[in-house]
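To start, the structure under review is shown below, and the notes come after it.
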Amino acid sequence: MKHPLLAPITATLIPLAALYFVLPLDEAPPWPAPVPFGWPMLLLAHLLCGLPLALTLGRLVPQQFASVGLGLGLLSAALTVLAGATLGTALEGSGVVARHLVRVLWCLALQLPWAIALGGPWPASWSVGLISALLSLAVPGLYARTLIHQSHEDVDVYIRENRTASLLNTVAARVAVGLDEGPQLAQLLAYRQQLDSALKQGGSGRLMALLHLERYEEAARLLQRHSLDAAACRTLGIIRQRQRRFAESNEALEKALALTTDERQQIELIDSLAFNARESAHFARSEQLYRDALERYPAHAAYLHFQLGRHYHAGNRVAEALHHLRQAKELDPDQYTLPAENLVREMRRHTPGCLLRWP
């Protein structure tokens, strides 16, 4: 008698391996997962949510077809590995809904043969099959929508931080699931080629390319070959920050702060130090850095009040957040009225800020 978990485990792991090892086409973009899945976690969600449907349908097929199921399972896995990448070309011009349906059907084609081959004590009725079909369609679809929404915010962060490698992977994933961002992806691929060329150069060109490609350890070694001025210390601090090596980041950023005379740059360095403190759960230090800066840099009070408002909002200290956002808005209404009001709206949705008055 077959173990009851043999079918679900096999019907998950073999399709997962086949999809993971899809052979890329020459000059294909760096898909985080094969088209049309885009994201590895979305691929896994489709396999897990499609498993009940495959098991239910597999039980409806007579057991004398088990050997046929085994052969189809091996064939579908082999075809996925060898020809799965061509699906990206075939799906050009299709939208998000069409690609969602293709994902559901592709997973079913990979999983159903193993459910037929291995069987198991699973419910075998059309009503259960209908519920399973709804599960395989709805949950991954909602998850894909969440990933698309989150990736839109990620794109803004990656652009602001010049993180080209992460930006390229994210845009590639968005294109894979059906978003019309092919021109942006083509531009990023062309820019990556320029960065690859710059890697062969020395000096600042190679350093910039390493930073954009997020090869941080190589960039740090390149910086540390020479004496570090304020700009180099700041760059090293940001590198260690992105590696989440906050103690080393603080050391470099504090050196940069001591060497820098420009107030705007000093404020940016204090921002980075406050970020490190917050990410290290040293919230009081983060707050104190901004309060000290308010005394030292009165010309930048509006910006610092806004940053304190964001800091308190992140810590669910709503009253303090509202106070500093109000201060930022009063000191520089042109610059901070809209972002302050956006943050207050977010607080009203997610915190007790809805109980507090905002002018």
Candidate set from segment 77-102 (those that are buried (at least 19 other Cβ atoms within 10 Å of the Cβ) and farther than 14 Å from Y20 by Cα); member that is modelled with the lowest pLDDT: G88
Some residue of segment 246-266 being surrounded by fewer than 18 Cβ atoms within 10 Å (Cβ to Cβ) and touching a residue at least 60 places away in the same chain (Cβ under 8 Å): no
Within segment 296-316, considering residues that are in contact with a Lys or Arg (Cβ under 9 Å, 6 or more places away or on another chain) and closer than 17 Å to Q265 by Cβ, the one surrounded by the fewest Cβ atoms within 10 Å (Cβ to Cβ): H300
Of residues in segment 145-164 being in contact (Cβ under 8 Å) with a residue 24 or more places away in the chain and of a type in the set (A, V, I, L, M, F, W, C), the one surrounded by the fewest Cβ atoms within 10 Å (Cβ to Cβ): I148
Check on Y216, assigned by TED's automatic domain parsing to the domain that holds L112 and aromatic (F, W, Y): no
Residues of segment 188-214 classified as free of Cβ contacts under 8 Å to residues at least 24 places away in the same chain and not in a helix (DSSP H, G or I), total: 4
Complete set of residues in segment 251-276 that are among the small types (G, A, S) and in contact with a Phe, Trp or Tyr (Cβ under 7 Å, 6 or more places away or on another chain): A274
Segment 121-133: number of residues that are part of a helix (DSSP H, G or I), of a type outside the set (S, T, Y) and surrounded by 12 or more Cβ atoms within 10 Å (Cβ to Cβ): 5
Close pairs (6 angstrom Cβ cut-off, 6 or more residues apart or separate chains): over 20 Å from P339 (Cα atoms) in segment 292-304, surrounded by fewer than 16 Cβ atoms within 10 Å (Cβ to Cβ) anywhere: Y297/E263
Set A340, A277, A281, A321: member being under 29 Å from the mean Cα position of the chain (by Cα), in a loop (DSSP other than H, G, I, E, B) and of a type in the set (A, V, I, L, M): A281
Complete set of residues in segment 245-273 that are out of contact with any helix residue (DSSP H, G or I) (no Cβ under 7 Å at 6 or more places or on another chain) and assigned to a loop (DSSP other than H, G, I, E, B): R245, T261, D262
Where a residue in segment 92-112 is without any contact (Cβ under 8 Å) to a residue 60 or more places away in the chain and its partner, wherever it lies, is assigned to a helix (DSSP H, G or I) and among the polar types (S, T, N, Q), with Cβ under 7 Å and at least six apart: V104/S136; A109/S76
One residue from Q111, Q64 being modelled with pLDDT of 95 or more and of a type in the set (S, T, N, Q): Q111
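The values are calculated or read from the model by the stated rules, or taken from the named source; none is laboratory data. This one's a predicted model, so the numbers in the text were calculated from it and none came from an experiment. Using ideal geometry, Cβ is built from the backbone for each residue, glycine included, and neighbour counts are taken over all protein chains shown.
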